[in-house]
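All remarks here apply to the structure that follows.
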Ligand SMILES: [Zn+2]
Ligand SMILES: [Zn+2]
């Protein structure tokens, strides 16, 4: 499986990532990544940009040196009612929004019931297209319920390459469970690098290994080709 886009990329704007868009474009070209999404953290992570950042992503050209740039956010789930920390008047301006749990943000619950409710409710936000790193062991969820809901609500679950490599230890087994359930229910998967420095863009090896292991079909991976991607994200250019 070849991937056409890296939908999970942080820039210096996140406050704890280390590359500019120009540097990311340079690496994207070197690695053959044709499309990437700028998805900096929502405002409740310390050092992350304010909502103005997400309002003004239109200043980023659609193409730089033939690399296509999508405008996104990695919003934080902030409660169990489906709330995120990027306001709606910003979300309407983005190509897509991802949402997930981060222990440095303001969400405090750590029990399965509340986390599951929070993750399923955020899928009802019409702007949220991808749930980031749902296999994070710090936020246990009922995998069966979450994957079934993702299928029903047409939201993709992320296989986050970084979770297998150097962040969120203990994710691997959970990601395998999620991936197997995604196959069972026919839910969509998004594979992202979660790059915090340009050199990590397009690093998908471990996530792809998992996708192959559980035999996820290509048409269920939203970034496996442009048509599926633009259709899934409802992007009309
Ligand atoms: Zn994240
Ligand atoms: Zn991230």
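Below are the figures for this structure:
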quantity: Residue that is nearest to ligand 2 (Cβ to nearest atom) [pool: residues in the range 128-154 that are assigned to a loop (DSSP other than H, G, I, E, B) and surrounded by 19 or more Cβ atoms within 10 Å (Cβ to Cβ)]; calculated: 132
quantity: Selection within the range 96-113 - modelled with pLDDT under 90, surrounded by 14 or more Cβ atoms within 10 Å (Cβ to Cβ) and within 20 Å of residue 192 (Cβ to Cβ); calculated: 105
quantity: Residue check for residue 38: more than 16 Å from ligand 1 (Cβ to nearest atom) and closer than 26 Å to residue 220 by Cβ; calculated: no
quantity: Subset of the range 127-155 [on the phi < 0 side of the Ramachandran plot and within 15 Å of the chain's Cα centre (by Cα)]; calculated: 127, 128, 129, 130, 131, 132, 134, 135, 136, 150, 155
quantity: Some residue of the range 61-72 being at negative phi, touching a residue at least 40 places away in the same chain (Cβ under 8 Å) and buried (at least 24 other Cβ atoms within 10 Å of the Cβ); calculated: yes
quantity: Residues that are farther than 22 Å from residue 209 by Cα and touching a strand residue (DSSP E or B) at 6+ places or on another chain (Cβ under 7 Å), drawn from the range 1-36; calculated: 10, 11, 13, 14, 21, 24, 25, 29
quantity: Residue within the range 181-188 that is within 16 Å of ligand 2 (Cβ to nearest atom) and under 14 Å from the mean Cα position of the chain (by Cα) present; calculated: no
quantity: Test: residue in the range 16-29 that is modelled with pLDDT under 95 and either in a loop (DSSP other than H, G, I, E, B) or crowded, with 24+ Cβ neighbours inside 10 Å (or both); calculated: no
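The values are calculated or read from the model by the stated rules, or taken from the named source; none is laboratory data. None of the values given here were measured: they were computed from a predicted structure. Using ideal geometry, Cβ is built from the backbone for each residue, glycine included, and neighbour counts are taken over all protein chains shown.
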